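These notes are about the structure you will find just below.
The values are calculated or read from the model by the stated rules, or taken from the named source; none is laboratory data. Not measured: the values here are computed from a predicted model. Positions of Cβ are backbone-derived with ideal geometry, glycine not excepted, and every protein chain shown enters the neighbour counts.
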C-alpha cells in the first residue's frame, strides 16, 4: 500500500480519531488506526466500545491495500511535519511515513485482525429532527454521572414516544430533561454513554442519519460513520420526579442571575437563596469567617421562601440556556425546577 495525503486533511481527521483509541496499552491493535485504500481512503479507530470511520476522497492512492499504524504516534508525526504532502506506505511489516528529508518507521499489526465495525444494514433507522437530537445532548451532557455504580446512570436516556422526543440525564441530585414534539410511529428507550455523547456533539451538527439495535447506535453523515455500544440497563422512571404544577414561578434574566451567583462563588459554592418582596437575596454558606451576599430585583408575590443549592447546578443550567429563564417552586425543602423553553432541570436543594 502507498498513499499521498494532504497534511491539513489528515491532521484534521486524526485530531478527532485519536479520541477513539485504546490509550493505555500499545500492545493492543485498538491503539492503532486502520487505513484501507481502495477507491477511497477509509480511516478507522475504535476501542471496541465506540468507533469512528472517516472517508477521505482527496487522498492519492498510488497502491491499494491496508495498514494499521499507532494512532498517537502518527498524530504526533503529522503535527510535526511541514504543511505539504505526506507519504505513507507499507513495506513488509513496517509503516513508513515520509515527507521530503523526514522519514519515520513504525511497527504494524496484521490489518485483517482489526475489529469489525457494526453494519447499518442490520439496524433500524430513527426518525426525528437531527438538530433537536444534538441540542438535547448538548443541554443534558453536564448532568450525566460519570462513575455511578448504577451503570445506566452513566449515560443519557433517549426516550422516543409517538408524541415526543425526550433526552434525559440525572446524577441523582438533579435531573435534566430536553423535550420536543415528535410525530412518529416509533417508541423506544435506549441509553447512550456519556463519552459517546461528548464525541457526537463535536462530530455532528445536522444532516445525518441514526440507526440502532439492542447493542449499537450508529450515526452516519457524508464522510463520517460513528458507532457506540449502548448501555444495557433500565433508566429510572424519570416522569415520576417531574412536578405537574408549581406554586410559584419567577422569571429571571440569565445574565444578571449568573453574575450574582459568580459573586457569591468567590466565597462559597453553596448558596442560600431567600425570596421576599420582589427581591432575591443570595448569600454564601460557609463555616469560615468569610461572607458574601448580593441581591436581585425580581417580580414575585412570594412573601418569604428560603432554600440552599450547589451553585454548580445553577451554572450548568445557565451555561446552556437562553437569556430569559424561569424558576419554579413548590415548598422550601423539596426539589425546584429551572426552565428554558424545551429544557428543564429539577434540582435537589441542600439541607441548611
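For region 32-55, the criterion of a residue being within 26 Å of the chain's Cα centre (by Cα), under 23 Å from residue 202 (Cα atoms) and part of a helix (DSSP H, G or I) is satisfied by no position.
Restricting attention to region 266-277, the residues being assigned to a loop (DSSP other than H, G, I, E, B) and over 18 Å from residue 331 (Cα atoms) number 4.
The number of residues in region 111-142 that are part of a loop (DSSP other than H, G, I, E, B), within 21 Å of residue 67 (Cβ to Cβ) and either in contact (Cβ under 8 Å) with a residue 24 or more places away in the chain or in contact with a strand residue (DSSP E or B) (Cβ under 8 Å, 6 or more places away or on another chain) (or both) comes to 3. Apart from one condition, residue 152 fits all of (1) assigned by TED's automatic domain parsing to the domain that holds residue 51; (2) touching a residue at least 60 places away in the same chain (Cβ under 8 Å); the exception is (1).
Can you find a residue that is over 23 Å from residue 48 (Cα atoms) and under 18 Å from the mean Cα position of the chain (by Cα) anywhere in region 212-230? So far as region 212-230 goes, no, none of its residues is over 23 Å from residue 48 (Cα atoms) and under 18 Å from the mean Cα position of the chain (by Cα). Within region 318-332, the residues that satisfy the criterion of being under 19 Å from the mean Cα position of the chain (by Cα) and either assigned by TED's automatic domain parsing to the domain that holds residue 176 or farther than 20 Å from residue 274 by Cβ (or both) are 319, 320, 321.
When residue 145 is tested against (1) within 30 Å of residue 27 (Cα to Cα); (2) modelled with pLDDT under 95, just one condition goes unmet, and that condition is (1). The condition (being assigned to a helix (DSSP H, G or I) and either under 27 Å from the mean Cα position of the chain (by Cα) or not assigned by TED's automatic domain parsing to the domain that holds residue 156 (or both)) is satisfied by just one residue among 307, 290, 313: 313. Determine whether residue 56 is loosely packed, with under 14 Cβ neighbours inside 10 Å and in contact with a helix residue (DSSP H, G or I) (Cβ under 8 Å, 6 or more places away or on another chain). Taking the combined requirement at face value, the residue does not satisfy it. For region 1-28, a residue qualifies if it is surrounded by fewer than 18 Cβ atoms within 10 Å (Cβ to Cβ), touching a strand residue (DSSP E or B) at 6+ places or on another chain (Cβ under 8 Å) and closer than 17 Å to residue 100 by Cα, and the qualifying residues are 2, 4, 6, 7. Scanning region 17-29 for residues that are modelled with pLDDT of 95 or more and under 22 Å from the mean Cα position of the chain (by Cα), we see that the one that is farthest from residue 112 (Cα to Cα) is 19. The strands (runs of 3 or more DSSP E) located wholly in region 180-261 that include 3 or more residues which are closer than 19 Å to residue 138 by Cα and in contact with a strand residue (DSSP E or B) (Cβ under 8 Å, 6 or more places away or on another chain) occupy 188-193, 216-220, 224-229.
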